[in-house]
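Read-outs: derived from the displayed coordinates by stated rules, not from any lab. Bear in mind that the values here come from a model prediction, so they are computed numbers and not experimental data. Cβ: placed from backbone, ideal geometry, glycine included. Neighbour counts: every protein chain shown.
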Amino acid sequence: MTEAPSKQPPEQKPKSRLWSSILPLFIFLGIAGASYSLLSTEGRNVSALPSALLDKPAPKLDVPPLEGLIENGRQVPGMDKEMFTSSEVNRISIVNVFASWCVPCRQEHPYIVELGKDERIQLIGINQRDSTRNALSFLAELGNPYDAVGVDRKGRASIEWGVYGVPETFIVNRQGRIIYKHVGPINARDLQQKFMPIIEEALKSNSSS
């Protein structure tokens, strides 16, 4: 008499297969959450982001001028290595990284113009990853407050300055050291409560040294 084959239990999907199928989803959600936390500015002060260059010498770079930017019949110069420490410059320097495609740059520009009216300040622009035509149109429309504008077409100068994004603004003292970094657009409150006190203090330090 032939023995009937025993009934086999239905094959169960191994738990390892289920885990391997959902693991990529958890990894994706983790990366997405971390990225949002880093990029989101809601509820935190982005202007307080640290800079490795604070209290260190400003980068000494030669950055070409924005060709066609004319003031008083002369080409506005670019950046040069000695512009922060030259004996001919007895002013605090402010370096503003901007671009025509940057909406916050347009919003902050009136306050950059106000800084440019102060004769104690040497105002320098770094035009990042922009076209000559668009940059010229931007300044023609909103006004050119800069004493010098360097064209950073590939973003290399911005990397040297430790720029996170656009706009960013630095204050450089008479000794050529970076004493303040502001991330994001400047507003009226920033101008009065942050920039001007730092500038006044730096000018006092210059006069007493």
Listing of strands (runs of 3 or more DSSP E) fully contained in region 111-191 that carry 1 or more residues being among the small types (Gly, Ala, Ser): 121-128, 148-152
Qualifying residues in region 133-144 (those that are touching a residue at least 24 places away in the same chain (Cβ under 8 Å) and surrounded by fewer than 15 Cβ atoms within 10 Å (Cβ to Cβ)) - the one nearest to the chain's Cα centre (by Cα): ASN134
One residue from LYS117, LYS154, LYS204, LYS181 being touching a residue at least 12 places away in the same chain (Cβ under 8 Å) and farther than 26 Å from GLU71 by Cβ: LYS181
Region 69-107, residues that are crowded, with 19+ Cβ neighbours inside 10 Å, among the aromatic types (Phe, Trp, Tyr) and not in a strand (DSSP E or B): PHE84
